Amino acid sequence: MNTAAFLRKRLVQTIPVLFGIVLTVFLVVRLIPGDPARIMLGTRASEEKLAELRTELGLDQPIWQQFVTFVGNVAQGDLGQSLFYRRPVLDIILERLPVTVTLVVLSVILSVAVCVPLAVASAMRQGSVTDQAVRGFSTLALAMPGFWLGLNLLILFAVVWPVFPLSGFGKGPLDILWHLTLPAITITASLAPILIRTLRASLIEVMSAPHVQFARTKGLGETRLMRRHVLRNGLMATVTILGVNIGWLMGGSVVVETVFSLPGLGALIVSSISARDYPMIQGIALVFGLLVILINLVTDLVYAALDPRVSYD
């Protein structure tokens, strides 16, 4: 099976997954205790206003009819109207999406840049001071909560030493990079240790494989051995872990975006929950679900590209 056929097959397989996401998002909002219209408008709202909002949201219709209408609108790209912003949900999401995606991409690049050299150094010097230092760094970084680290980075590098800005996204590539440095470091501190541990364990396992031992007996240097025979094979498990964690980062960026006041989807969903903006919450949840599916697909393609033994079948 070639790449195009594999993509077609995976796209077909995503249809039931998408349906499950749509159903879950729909039910979660509808199963919240209480009257959504009264929660949105407050306890002092008149019955006329409540009835008007119920009609606007379709809450006066049977539940099955609400779901059919919701699915039909989603299929047409209509995620509804934001109750707080009074604008189409999809337009607002598309405005905020680049912030979250840019932050996640920058964090992944920084995490990989930190992970590979540290994991290689640790695996090549098992039990040494370097190995213990790398493992200690990983444990310490994992133990630090993201919000705590983010606040301390802000205090140190935006208040005490004003090197980076306190908030905002910036304009232009360099300005955006300047604004996202501290948030990316915060996310990297939680992602890189996981990748380091995974890659180190994989490299140690590959280094004891027969073909690596044979190459070593032929006089191949450790550096060339690592580059030509060990690193590529050791990356397999790390690619899978990275793909899973990128999906987690899309939703897990909520805390970081809130701490650094970034105008992304994470901050948007927090404000939407506070404002009881249910159409916006539904729209963001659907977009996050689509992004996770896309990330998993890309992960499978990268995995197959790294290991020729993997078949698209």
| query | Considering only residues of the stretch 31-58 that are among the hydrophobic types (A, V, I, L, M, F, W, C), within 23 Å of VAL287 (Cα to Cα) and not in a helix (DSSP H, G or I), which is modelled with the lowest pLDDT? | reply | ILE32
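I'd like to verify a number: residues in the stretch 76-104 that are acidic (Asp, Glu) and not in a helix (DSSP H, G or I), how many?
Looking only at the stretch 76-104, we keep the residues that are acidic (Asp, Glu), and these are 78, 91, 95.
Narrowing further to those that are not in a helix (DSSP H, G or I): 78.
Counting residues in the stretch 76-104 that are acidic (Asp, Glu) and not in a helix (DSSP H, G or I) gives 1.
With the structure loaded, tell me whether ARG86 is among the basic types (Lys, Arg) and exposed (fewer than 14 other Cβ atoms within 10 Å of the Cβ) or whether it fails that test.
Spelling it out, ARG86 is indeed among the basic types (Lys, Arg) and exposed (fewer than 14 other Cβ atoms within 10 Å of the Cβ).
Can you name every residue in the stretch 158-178 that is buried (at least 17 other Cβ atoms within 10 Å of the Cβ) and without any contact (Cβ under 8 Å) to a residue 60 or more places away in the chain? Full working, then the answer.
Let us first name the residues in the stretch 158-178 that are buried (at least 17 other Cβ atoms within 10 Å of the Cβ), namely 164-165, 169, 176.
Once the filter is applied, which keeps residues that are buried (at least 17 other Cβ atoms within 10 Å of the Cβ) and without any contact (Cβ under 8 Å) to a residue 60 or more places away in the chain, the stretch 158-178 yields PHE164, PRO165.
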| field | Neighbours by Cβ (under 7 Å, 6+ apart or cross-chain): first from the stretch 115-126, surrounded by 22 or more Cβ atoms within 10 Å (Cβ to Cβ); second among the hydroxyl-bearing types (Ser, Thr, Tyr) and assigned to a helix (DSSP H, G or I) | value | SER122/THR130
| request: Please give the number of the condition SER138 fails out of (1) closer than 30 Å to PRO193 by Cα; (2) among the small types (Gly, Ala, Ser); (3) out of contact with any helix residue (DSSP H, G or I) (no Cβ under 9 Å at 6 or more places or on another chain). | output: (3)
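The values are calculated or read from the model by the stated rules, or taken from the named source; none is laboratory data. Keep in mind that what you see is a predicted model, and the values were worked out from it rather than measured. Positions of Cβ are generated from backbone atoms using ideal geometry, with glycine treated the same way; all protein chains shown enter the neighbour counts.
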